[in-house]
Structure formats: C-alpha cells, structure tokens
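The structure appears right after this line, and notes come after that.
Please treat every number below as a calculation from the coordinates, not as lab data. Just so you know, these numbers come straight off a predicted model, no measurement behind them.
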Amino acid sequence: MMNLPEHEPDSNLWQRIEAGLDADAQIDRMLSALPQLDPDEQLWDRIEASLESTPVIPIGQRATRLLGSIRWLVGAAAVTLVSVYWIWQHDTSPDTERVTVSYSVEKGAHPSPAPSLANAEANRQAEALIARQCAEQKPICQKPEVHELRNQLVELKQKQARIGQEMALFGDDPALMQAQAKIESQRAEVTKELLTLLQS
C-alpha cells in the first residue's frame with residue numbers, strides 16, 4: 001500500500017456524485033407521482049376473440065410447393081449457365097476464326113559487364129589522391145561529411161565486388177550488369193564530391 005502513488009480527486013467530484021444522487025431521488029419522486037392506470041377488464045377477452053376469429057392457414061403444403069419451385073428454378077439456371085459457357089468455349093463452327101496474339105521483348109545492347117581498364121585506373125588514381133590529401137590535411141579528413149563520403153566509397157566498393165562475384169556465377173545477367181553500371185556511376189559521383197571537399 002505504501003508504494004502506491006498518491007492521487008488527488010477532481011475538485012468537483014463530490015458535486016457530481018451528489019448531482020447523480022439528487023437525479024435518482026428526483027426520478028423516484030416523479031415515478032411515484034405518475035397515475036396508476038388499470039386496463040379495461042374486457043381487453044383480454046377482446047384480444048382472445050379476435051385471435052379465435054382469425055382464420056389459420058396451414059403453410060406446410062404451400063411452403064413445400066414454393067421451395068420446390070425455387071429449387072427447380074435455381075437448377076434450371078445453373079444448367080443454362082453451364083451450357084452457355086460450354087458452347088462459348090467449344091464453338092467449332094467453320095465461320096469462327098481463332099486469333100492468337102504473342103509478343104516478345106528484345107533488349108538493346110547490354111552495358112559492359114565489368115568496368116573498363118580506364119575506369120579502374122581512374123578509380124585507383126582518385127583513391128590514391130584522396131589518401132594523399134587525407135595524409136597531408138588530417139583536420140579536413142576528420143570532418144563528418146568527408147568521413148561519411150569515405151564510408152560510402154567503401155560500401156560501394158564492397159557492393160561492386162559482390163556483384164562481380166554474382167556475375168562470375170550467373171554470367172552476363174542484364175539485371176546484374178545494370179546494377180553494376182549504377183554502382184559505378186554512384187561511385188564516380190561520391191569520388192568527385194569527396195575530391196571537391198578535400199580541395200576546398
């Protein structure tokens with residue numbers, strides 16, 4: 001009990017409780033003030049007489065006939081639908097001509113499966129220049145944006161190596177070649193941005 005938090009009730013809580021109790025008391029007073037009405041003594045006799053004079057119609061035969069008719073109509077509709085579908089699917093009259101449409105998709109020239117030697121040499125030179133700049137100007141390389149761009153370069157290199165391994169396994173898959181070209185483009189953009197930051 002000692003660990004429970006203390007709670008202060010709303011200031012108007014007792015007023016609401018009293019208002020609710022007053023409303024209950026007022027309802028009780030009003031109910032007792034309502035007049036007592038007794039029904040006419042002949043009322044139940046008239047109700048029973050009207051029930052006895054109403055003719056009772058047995059529904060057994062009529063309902064059975066109606067359900068039988070409904071089942072027959074549903075069955076006839078189902079047979080008609082199946083027949084029309086079968087005729088529509090198997091129409092073999094000589095007047096009808098069947099047309100078959102087929103298509104194929106041809107792709108244009110594939111991007112080169114691996115970066116060219118010139119791209120690889122340019123990447124190596126850019127990375128060497130970045131390493132030299134960072135060795136000479138350590139404070140610039142400590143900036144968060146430079147650090148982030150260098151991490152992006154490392155990730156892109158790893159992705160490119162993975163795609164190269166997948167291409168060795170699966171061959172010249174167009175999706176892999178497209179992914180490799182995209183990564184090469186991203187890598188060039190990040191390298192260019194990084195060199196701009198280092199030279200500023």
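Things to note:
- Rounded to whole numbers, the Karplus 3J(HN,Hα) couplings from phi for the stretch 165-172 are 5, 5, 5, 5, 7, 9, x, 7 Hz, using 6.51 cos²θ - 1.76 cosθ + 1.60 with θ = phi - 60°, and x at Gly and Pro.
- Rounded to whole Hz, the Karplus (6.51, -1.76, 1.60) HN-Hα couplings of the stretch 179-186, x for glycine and proline: 5, 5, 5, 5, 5, 4, 5, 4
- The string of couplings for the stretch 7-22 from the Karplus curve (6.51, -1.76, 1.60, θ = phi - 60°) is 9, 9, x, 4, 5, 9, 4, 5, 5, 5, 5, 5, 5, x, 5, 4 Hz, one whole number per residue in order, with x for Gly and Pro.
- Anchor Lys192: lysines whose Cα lies under 30 Å away (excluding residues fewer than 8 positions away in-chain): Lys138, Lys143, Lys157, Lys159, Lys182
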